[in-house]
Amino acid sequence: MHDVRRNIKYYVTGNVGILLLTWFLYAIGNAMTMPYLSIYLKMLGANAIDIGLTYSISMIVQLIAIIPGGYLTDTLGRRSSIVIGTWLITVMSFLMVIAPNWQLLAVFYALNMAASFYQPALLAILMDSLPQERYASGILVTSILPQIPWLVLPPVSGFLINKYGLFGIRLAYLISSIISVAVAIIRQFTIKETLGNRIGKVTFRELLRSYNQLISIVNLPGDLLMIYVSALMISIAIMPINTLLPIYVIYKLGLNTVYWGYLVSISYAAYIMIGIFLTFYVDRYRSRLFALGTIISAVGSVIGLVENTYSVVGYLLMLQVGAQLVITAIQSELGGRIGINRRGHGMSLLIVFQLIGQTIGSYLTGEFYRINTESLFLIPLVLSLSLMIIYLSAIRHNIGNER
């Protein structure tokens, strides 16, 4: 029992505990809104291509903001970056409530994504606050447990939308915005800085020079570059779920928004239970997480090709679990390789690759969905198999070097 308590303290105290709490609160709002953003856009007049482009453009905007976000993380500090960014997101969230058409909703969503420039600071402060031997479990715990609101809230929003239409979805976004205010207040008064030698003074010239980090990509060691490329590929693979799967379920399979909410909740319930189980083993078997994640993602994509309600649940669950294991493996590997003073830079570079992948994935999903709805499942299948080939090639290369 003493060992269990000692292990738990790493995840519920200090900065890690604050992140866990505020991510949990954010998940309440996200669970009520994220499954229905595509529906919100469609209600305001957007078509499938418009929706795909909205996501892609938003990813590009966030990409532009994330690059200097790494610089701010290592100069202004983790805490200041997080506090400023959280308040900006709160403002954008309220604007999304009152968007009169899909074009302005897309603009507000893009600005909301730009306000997420502090994501490198979140990842950096998480790594700073964990012992290295707890990286994998810490990442998994803070990724899985905050998703508990997804067990019950998507059907609530689905009911609101089914009963009240556009007013219902605006109400869901209003609730999410109010929760964002609470998150901003908590972070402002509780998060502790972990970067002791920050510069503190930020200049516009240095902010612009932070984009030079893109040039550093060509100078990355081959194995490190492959880690970043893997992050890009898994980000492409997950985008069909985040963009057009709700459209597929509601407008092709014929389910209403309430049932779509139930499907999301069921998949998240299984996702959380599996994640909690894996938490006890991920630190011990960290080197195998990447392979396991790609296999689970591939199997889930094959299940999705059956194209019925049950297969959608299996697809949602397995792709989420598989992608999370791959991302956990990538983040924990980078956390061990990158020193604290360069962690903001390293994590922003990771997010850059992820956002490029999400941008490509959003666009491809919209284009291929117009041609064939099976592309929702074929895209992640092809990418999961490709990641497995990369993994096996890396193993063979390492074995060859040892010889």
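The values are calculated or read from the model by the stated rules, or taken from the named source; none is laboratory data. None of the values given here were measured: they were computed from a predicted structure. All Cβ positions, even for glycine, are placed from backbone atoms using ideal geometry, and neighbour counts span all protein chains on display. Quick note on the areas: whole protein, heavy atoms, side chains included, nothing else; ligands and nucleic acids left out. Shrake-Rupley method; radii C 1.70, N 1.55, O 1.52, S 1.80 Å.
Points to keep in mind about this one:
- Cα centroid of the stretch 341-393 to Cα centroid of the stretch 248-264, whole Å: 25 Å
- Inter-label distance, nm, simple model (7 Å from Cα along the C-beta direction), Ala269/Val152: 1.2 nm
- Cut-off of 10 Å, at most 16 other beta carbons, DSSP loop: longest stretch of the chain lacking such GluC sites (Glu not before Pro): 1-192
- Long-range lysine pairs (8 or more apart or interchain), the chain, Cα under 19 Å: 4
- Accessible area (Å², per residue) of the chain, counting only protein heavy atoms and a probe of 1.4 Å: 43 Å²
- Carbon/sulfur fraction of accessible area - the stretch 220-398, other protein chains in place, 1.4 Å, %: 68 percent
- Between Leu104 and Arg288, residue separation times 0.36 nm minus the direct Cα-Cα distance comes to 61.8 nm.
- These residues, Phe117, Phe24, go from largest to smallest accessible area, 1.4 Å probe, as Phe24, Phe117.
- Karplus-derived 3J(HN,Hα) values for the stretch 230-240, using 6.51 cos²θ - 1.76 cosθ + 1.60 with θ = phi - 60°, are 4, 4, 4, 5, 5, 5, 4, 4, 7, 5, x Hz; glycine and proline are entered as x.
- Helix-only mean residue ellipticity at 222 nm for the chain, each DSSP H run of n ≥ 4 adding -39500 (n - 2.57), per residue, nearest 500: -26500 deg cm²/dmol
- Protein-only accessible surface order, largest first, of Tyr281, Tyr259 at 1.4 Å: Tyr259, Tyr281
- Taking all protein chains together and rolling a 1.4 Å probe, Lys42 ends up with roughly 80 Å² accessible.
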